[in-house]
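Structure record follows, encoded as structure tokens.
The values are calculated or read from the model by the stated rules, or taken from the named source; none is laboratory data. Worth saying up front: this structure is predicted, and the values here are computed from it rather than measured. All Cβ positions, even for glycine, are placed from backbone atoms using ideal geometry, and neighbour counts span all protein chains on display. To get the accessible areas, we keep the full protein, side chains included, count just its heavy atoms, and leave off ligands, DNA and RNA. Shrake-Rupley method; radii C 1.70, N 1.55, O 1.52, S 1.80 Å.
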Amino acid sequence: MKKIIVICVLLTVFSLTACEGNSGDTNDINSANNIEKGEEPKGGILTYGETSSFSGVLDWAHYENFNDSVALNIFSPDSLFKTGEDLRLEPNLAKKWEWSDDKKTVTFFIEENVKWHNGEKLTAEDFEFAWEVMAHADYTGPRVSNVNIIQGFNDYHTGEADSLSGVNIIDEYTLEVTFNEAYPNAIEQLWPYPMPKAYLEHLEVAELEEADEIRQKPVGLGAYRVTQIIPGELIEFDAFDDYWKGKPNLDGVNYRIVDGAQAAELLTQGEIDIIKLEASQAVTLKGDERVILEEVEALSYAYLGFKLGHWDVEKRQNVMDNEKFQSKQLRQAFAYALDRQGMIDSFSEGYGTVINAPESVISWAYPDEGMLNQYEYDPEQAMALLKEAGYDDITGDGFVETPEGEEFTVNLTVMDSPSNIAEPRAQYIIQNLQDVGINAQLHGGQLYDYNLFYDLVQGDDPDIDLFLGAWSLALDPDPTGLWKSDDLWNYTRWVNEESDELIERGLSKEAFDEDYRQEVYQEWHQLVNEELPIIPLSSPVNIYGISHSTGGVTPDLADAVTDAHLWYKRQ
């Protein structure tokens, strides 16, 4: 399970067509504009809006900011696979693949007419190069779990080998990958994005993330190429006529960061053409002929995390050494104190589903809720659990003290987006906790912008007690990458041997039986639900606003950038 950070997340979420449209009988926005396929107008500039700034790490192997992934999906969206409407992988850059009898080796056959924006041909070496960058000891990104399954990873990572022995290039457009074991999700787990070897190989691996070739002049494979970057504000793209899926309809695209509070207004005024809307703004646009609204159940979840320890940089593992939240009863008291349905109703206009597991409700691995603790809003139960755990109001100020009689305060760390609901939602949580006697407060008395929020959370700032986050998820429900003891993105720093064992069982030979695998993940979700290193909040619904003059747009599980070469604007 990887991230495209939404926080969000997530790592690799392939495109999926939206399930519901504003009209209720179509998911084809072309039909809403009465434009026949093949007769779309040409030219014009489309503006895609987002409400949180991008970091500018414009490389799939290194990015962490969700808004960087939106830019990447505009200028370099293609990977080995894409995802069909049944959430199964389909050919993309890999036009087909074949498995060995022992299920340990896969052979990929790569499309032969694909060009990078600098004119170089895409070849098998670009995939090998990406995997070797990510397997290198100096790799600075967070996706080692997507390549350490390749045979020879350890020898290459430690410098004992000059290449990954499990990667065999047969010819320019054919390569074999051999895995350490026969994994039931090997294809889903393998990193699917190439890197332009000829453009980047002169750089040291440790330099890549900060290099101009990634931050200022990135080269991609998509329908649009980067022409100008104003850091954190705007990226301009122009059409790449040699795009392998067809010449784009538009002259270019602007990716613009806007004030979230003004998103609906900017959409109706024609300042932006596509944007993901907060529900509170979307409801104001219902019936507005200038806008089409599209709803998609997201492959993601929101949560409230406990900071349980820290990340050991040298050992590259989590250490659960924060005594403050070691009591399971205490963590469960927090869960009963939160009115999660009230949060959905108050800040998402009822869009979304309360969940009790760290998974999207649309995943095949979402557990049987009947076997989970429900943690329904119950302030009395919260106060009873606090008392059982030894937390009493000794001083009479309305707030509990620790079992040792010391002051007990809790800092909640929250980012500043969505701008129109971020602070009231944070105050709602704080009030819920204060109502049961927990002295909760906003960390530093402020909200944090996206990048600083993640610097603090990933850096395990000692003043963080709770943090409000979300993950966008991969199609495969393997929790590796977010939940194991040696996962950097395990931001709570939860360390649990049983959890690690269950995650490994979910990738065992027995797990080729999907029923067995689902049983393992049910057991894992029950463990998380009982131990509660996080409080799952909701499985959300994404709502996209699209200008009525814009067509060819396909909202999907993470954004609305699928097949951007098909976008068009009526002039």
### Task
Please work out the average accessible area per residue across the chain, using the 1.4 Å probe convention, and give it in Å².
39
### Summary
Any residue on another chain or 5+ positions along whose placed amide H is under 5 Å from the amide H of residue 277 is listed here as 543, 544, 545
### Message
Using alpha carbons only, how many angstrom separate the centre of segment 513-531 from the centre of segment 398-417?
### Response
32
### Query
Are there trypsin sites (Lys or Arg not before Pro) in segment 85-165 that DSSP marks as loop and that have at most 13 other Cβ atoms within 10 Å, and which are they?
88
### Task
Rank 386, 363, 403 by how far each Cα sits towards the positive end of the charge dipole of segment 282-432 (+1 on Lys, Arg Cβ; -1 on Asp, Glu Cβ) and give me just the farthest.
363
### Distance in nm between pseudo-label sites at residue 103 and residue 394 (7 Å out along the Cβ direction from Cα)
5.7
### Task
State to the nearest 20 debye the size of the charge dipole of segment 37-160 about its Cα centre, where the only charges are +1 on K and R beta carbons and -1 on D and E beta carbons.
320
### Query
From the phi of every residue in segment 107-113, what ³J(HN,Hα) in whole Hz does the Karplus formula 6.51 cos²θ - 1.76 cosθ + 1.60 yield, where θ is phi - 60° and glycine or proline is x?
10, 9, 10, 8, 4, 9, 10
## Note on the structure
Quick calc, the chain, dipole around Cα centre from Cβ unit charges on Lys, Arg (+) and Asp, Glu (-), nearest 20 debye, gives 1280
#### Entry: segment 270-358: trypsin sites (Lys or Arg not before Pro) in DSSP loop, at most 11 other beta carbons within 10 Å
286, 315, 316
### Query
Which translational diffusion coefficient, to the nearest whole µm²/s, is obtained for segment 325-458 from the Stokes-Einstein equation, given a Kirkwood hydrodynamic radius over C-alpha pairs, 25 °C and 0.890 mPa s?
150
### Query
How are the Cα pair distances of segment 403-463 distributed, in percent, across 10 Å bins from 0?
21, 47, 27, 5, 0
### Segment residue 163-residue 120, extension gain: residue separation times 0.36 nm, minus the distance between their alpha carbons
13.2 nm
### Query
To the nearest 20 debye, what charge dipole does segment 451-554 have about its Cα centre, counting +1 at the Cβ of each Lys and Arg and -1 at the Cβ of each Asp and Glu?
620
### Task
Assuming R0 = 41 Å, can you tell me the calculated FRET efficiency for the pair residue 96 and residue 441, based on Cβ-Cβ distance, to the nearest 0.05?
0.15
### Query
How high is the relative contact order of the chain, given as a whole-number percent (alpha carbon pairs under 8 Å, six or more residues apart)?
24
### Summary
Distance in nm between residue 326 and residue 514 label points, each 7 Å along Cα→Cβ, equals 4.3
### Query
Do the alpha carbons of any pairs in 115/569; 217/307; 82/103; 42/82 sit beyond 28 Å of each other, and which pairs?
217/307
## Note on the structure
Loop-resident GluC sites (Glu not before Pro) in segment 146-178 with no more than 15 other Cβ atoms inside 10 Å, DSSP not H/G/I/E/B, are 160, 172
#### Entry: Rounded percent of accessible protein surface that carbon and sulfur make up, the chain, 1.4 Å probe
41
### Query
Long-range amide H contacts for residue 167: which residues qualify at under 5 Å (H placed 1.01 Å from N, peptide plane, sequence gap of 5 or more or a different chain)?
178
### Query
Over segment 143-249, what per residue volume does the convex hull of the Cα atoms give, in whole Å³?
161
### Task
Rounded to whole Hz and in sequence order, give me ³J(HN,Hα) for segment 541-554 from the Karplus expression 6.51 cos²θ - 1.76 cosθ + 1.60, θ = phi - 60°, writing x for Gly and Pro.
10, 8, 10, 10, x, 10, 4, 5, 7, 10, x, x, 8, 10
### Task
Could you run the Karplus curve 6.51 cos²θ - 1.76 cosθ + 1.60 with θ = phi - 60° over segment 555-560 and give me ³J(HN,Hα) per residue in whole Hz, x for Gly and Pro?
x, 9, 5, 10, 7, 10
### Query
Which is farthest toward the positive dipole end of segment 220-321 among 257, 299, 239, measuring Cα position about the Cα centre, with Cβ charges +1 (Lys, Arg) and -1 (Asp, Glu)?
299
### Query
Roughly how many nanometres apart are two label points built 7 Å out from the Cα toward the Cβ at residue 88 and residue 242?
3.6
### Message
Could you work out the relative contact order of segment 110-216? I mean the mean sequence separation of Cα pairs under 8 Å and 6+ apart, divided by the number of residues, in percent.
### Response
30
